[in-house]
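None of the figures in this text is laboratory data; all of them are computed from the coordinates on show. Note that the coordinates shown come from a computational prediction; the quantities given were computed from them, not determined experimentally. Cβ coordinates were reconstructed from backbone atoms using ideal geometry, including for glycine residues, and neighbour counts include every protein chain displayed.
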Amino acid sequence: MARTSRGGVSFGARTFSSFKNPAYRMYFGGAIGQMAAMTMQQVVGSLLIYRLTGSAAILGAMAFAGAIPMILLSLFGGVIADRVDKKKVIVWGQAASAIVSLAVAVALTTGFLSAERAGSWWVLVVSSILQGSVIGLMMPSRQAIIPELVSEDQLMNAVSLNTMGLNALQLFAPALAGFLVDFLDFEAVYFLMTAMYVMAVVFFWFLPRSRPSSNLHMKAFDGIAKGLRYVKGNTNVLYILLFTLVIVLLSMPYNNLLPIFADDVLKVGATGMGILMSVSGIGAMIGSVALASLPNKKRGIMLGVSGVIIGLALAGFAFSRSWPLSLALIALVGLGQTGRMTLSFTLVQNYVDDEYMGRVMSVFMMQFGFTSFSTFLAGLLAQGVGVQWAIGGFAVALALASSLVLVFVPRIRKLE
């Protein structure tokens with residue numbers, strides 16, 4: 001059955017109610033380990049390849065390389081999530097990520113990956129491809145398992161707390177990564193990321209086994225086709241996915257191009273880049289706490305407003321050369337991104353039947369793969385017109401598109 005629920009405004013006990021569930025606590029601990037590593041990766045991966053190459057186009061190309069397997073494999077990851085024990089998929093995915101991170105750390109330590117070895121940046125491209133493959137196959141299971149761990153009325157709370165954990169990490173993980181880069185170099189961060197992935201393996205190991213939700217003998221391509229037909233026929237889910245895709249495509253490229261702002265526009269270096277991401281986490285944390293406490297009402301309107309906030313704040317950030325103003329605007333970007341992540345994820349899960357949960361979540365996760373296409377385009381534009389006009393143009397388009405959706409698409413406004 002598709003899920004719907006209502007409730008009144010309540011702070012305090014309601015805000016952290018999902019933590020009463022032991023299985024969710026294990027899930028949250030594992031998610032913290034994975035998200036800590038991925039958050040640090042956002043700092044060191046993009047900054048390292050930019051410093052090795054000095055090319056915005058190559059920076060975008062690395063994101064593009066990771067997108068290809070993510071897009072190609074996500075639909076298969078959705079079928080896997082619906083057919084097998086999700087816990088096993090999640091554990092093996094974290095172990096694979098740890099191996100990839102450790103390989104990059106060793107390459108840096110031995111000097112195989114360095115500025116002295118021309119063209120050695122291919123190691124980072126390969127690691128991006130491998131991590132994209134892992135995410136494509138594993139993340140649908142990690143997202144689809146949440147409704148099996150918590151009750152229906154706790155779903156938005158659980159998703160909000162999960163997002164809050166990510167945002168809490170953004171308060172210090174990027175700054176820590178930037179500090180370690182400046183004082184110890186990049187390999188220290190990659191070794192720390194490896195440890196975080198191992199931590200995730202340990203926590204996820206203690207999750208209860210999940211139940212297959214569809215025919216175990218279903219052929220993979222048949223399962224994918226049925227899932228896509230289901231999305232097409234479920235109008236609410238289709239609208240949510242399309243609108244979220246627009247927000248993600250137009251807003252997320254700034255993450256990968258942030259090293260250019262840090263080094264060339266604001267001139268604050270690795271530590272400053274980490275601080276920018278941490279301040280973004282402050283705004284995101286505020287949004288997460290609020291969403292965890294709110295009732296399940298008017299979430300479609302809040303999703304549209306989140307898109308407007310991201311667009312306006314990101315446009316201001318793109319053209320700012322003031323450090324204090326940039327910090328304030330990036331906090332608002334974080335606030336809007338939390339609304340987009342939590343609300344879209346919760347709405348999709350509320351309107352999806354259990355049988356198709358994994359496959360719909362695979363389509364949901366594909367949007368992050370498509371983001372890399374827009375990042376690649378933004379990188380090319382940045383080479384031609386400058387990073388400020390590239391990201392600023394995307395942001396203005398997002399603010400306009402979100403406003404038009406709020407005004408002219410009543411189905412989005414009526415989503416509860």
Anchor residue 226: lysines whose Cα lies under 23 Å away (excluding residues fewer than 8 positions away in-chain) = 86
key: the chain - mean residue ellipticity at 222 nm from DSSP helices (-39,500 (n - 2.57) per run, n ≥ 4, rounded to 500)   = -27500 deg cm²/dmol
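Hey, any idea what Rg/Rh is for the stretch 347-400, computing Rh the Kirkwood way over Cα pairs?
Values: Rg = 16.0 Å, Rh = 13.2 Å.
Across the stretch 347-400, the Cα-based Rg/Rh ratio is 1.21.
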remark   = As straight-line cross-link partners of residue 414, the qualifying lysines (C-alpha separation under 23 Å, not fewer than 8 residues apart within one chain) are 232, 297, 298
request  = Give me the compactness ratio for the chain, meaning the Cα radius of gyration over 2.2 N^0.38 Å.
outcome  = 0.93
ask   = If contacts are Cα pairs under 8 angstrom and at least 6 residues apart, what is the relative contact order of the chain in percent?
value = 30
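Report, in order of residue number, the helices in the chain meeting two criteria: a C-alpha extent of 30 Å or more along the helix axis, and a mean Kyte-Doolittle hydropathy of at least 1.0; treat each whole DSSP H run as one helix. Provide the component values of the computation, followed by the final result.
Values: long enough: 22-53 (46 Å, 0.55); 56-83 (41 Å, 1.69); 86-110 (36 Å, 1.16); 122-144 (33 Å, 1.08); 155-183 (41 Å, 1.20); 269-293 (37 Å, 1.44); 299-319 (31 Å, 1.85); 323-350 (40 Å, 0.91); 357-385 (42 Å, 1.11); 387-408 (31 Å, 2.01).
Going by DSSP H runs, the hits are 56-83, 86-110, 122-144, 155-183, 269-293, 299-319, 357-385, 387-408.
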Cα-centred dipole magnitude for the stretch 282-401, charges only on beta-carbon of K, R (+1) and D, E (-1), debye, nearest 20 = 300
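Would you work out the charge dipole size for the chain about its Cα centre, treating the Cβ of every Lys and Arg as +1 and the Cβ of every Asp and Glu as -1, and quote it to the nearest 20 debye? Please report the intermediate quantities before stating the final value.
Numbers: 28 positive and 16 negative charges, 234 e Å.
Magnitude of the dipole: close to 1120 debye.
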